[in-house]
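Scroll down for the structure; my scribbles are underneath it.
The values are calculated or read from the model by the stated rules, or taken from the named source; none is laboratory data. Note that the coordinates shown come from a computational prediction; the quantities given were computed from them, not determined experimentally. Positions of Cβ are backbone-derived with ideal geometry, glycine not excepted, and every protein chain shown enters the neighbour counts. Calculation scope for accessible area: heavy atoms of the full protein, side chains included, ligands and nucleic acids excluded. Shrake-Rupley method; radii C 1.70, N 1.55, O 1.52, S 1.80 Å.
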Amino acid sequence: MDKLNQVDKIEAFLSQQGWPVTRIAPSVLKSNFRGSHSAFPLAVQIEDSWIKLMVVPMARMPTDASKAEILYERLLRLNREIRLARFSLDEDGDVLLSVEFPGGELDPSEIKDALDVLSFYAEKHQPEIKRIVM
């Protein structure tokens, strides 16, 4: 399946599920979802036959070096504890939570599973991450 067909399929799935979707580039979608405590921005990017769903930003990196070090250490520990997702930093230094999987024959259940994982971990870990960066 080519990249544009994958984007179309993901866009259609999100729309059918009632998610607001905006295509911001040929292979990038933007959306958001509401957890029980806050709203989360979602980006979907397809690159080199990989699909990446991201909550970005989860938080902004603190300018205080000691807080940044505490956050780095916590994110590394969380990456060992969580499954199917990972925390990382983008080029702007923002914390993001992502799920990546090969595009191949894209099945709606893969999209749903990825969204469930992101929703669960974003909701679970955002309060702690926010406390660290404040």
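Values for this structure:
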quantity	calculated
Residues of the range 121-134 that turn out to be assigned to a helix (DSSP H, G or I) and open to solvent by 60 Å² or more (accessible area, probe 1.4 Å), as a count	3
Residue count, the range 67-107 (criterion: surrounded by fewer than 18 Cβ atoms within 10 Å (Cβ to Cβ), under 14 Å from residue 129 (Cβ atoms), of a type in the set (A, V, I, L, M, F, W, C) and out of contact with any Phe, Trp or Tyr (no Cβ under 6 Å at 6 or more places or on another chain))	4
Candidates 100, 110, 91, 128 - the one that is more than 17 Å from residue 44 (Cα to Cα) and charged (D, E, K, R)	128
Failed item in (1) modelled with pLDDT of 95 or more; (2) under 14 Å from the mean Cα position of the chain (by Cα), with residue 111 passing the rest	(1)
Neighbours by Cβ (under 9 Å, 6+ apart or cross-chain): first from the range 100-127, closer than 25 Å to residue 71 by Cβ; second open to solvent by less than 30 Å² (accessible area, probe 1.4 Å) and of a type in the set (S, T, N, Q)	118/98; 122/38; 123/38; 126/38; 127/38
Subset of the range 69-99 (residues that are over 23 Å from residue 120 (Cβ atoms) and at pLDDT 95 or above)	69, 70
Positions within the range 1-10 being loosely packed, with under 12 Cβ neighbours inside 10 Å and of a type outside the set (A, V, I, L, M, F, W, C), in sequence order	2
Search result, residues across the range 11-66 that are of a type in the set (Ser, Thr, Tyr), at pLDDT 90 or above and open to solvent by 20 Å² or more (accessible area, probe 1.4 Å)	15, 22, 27, 63, 66
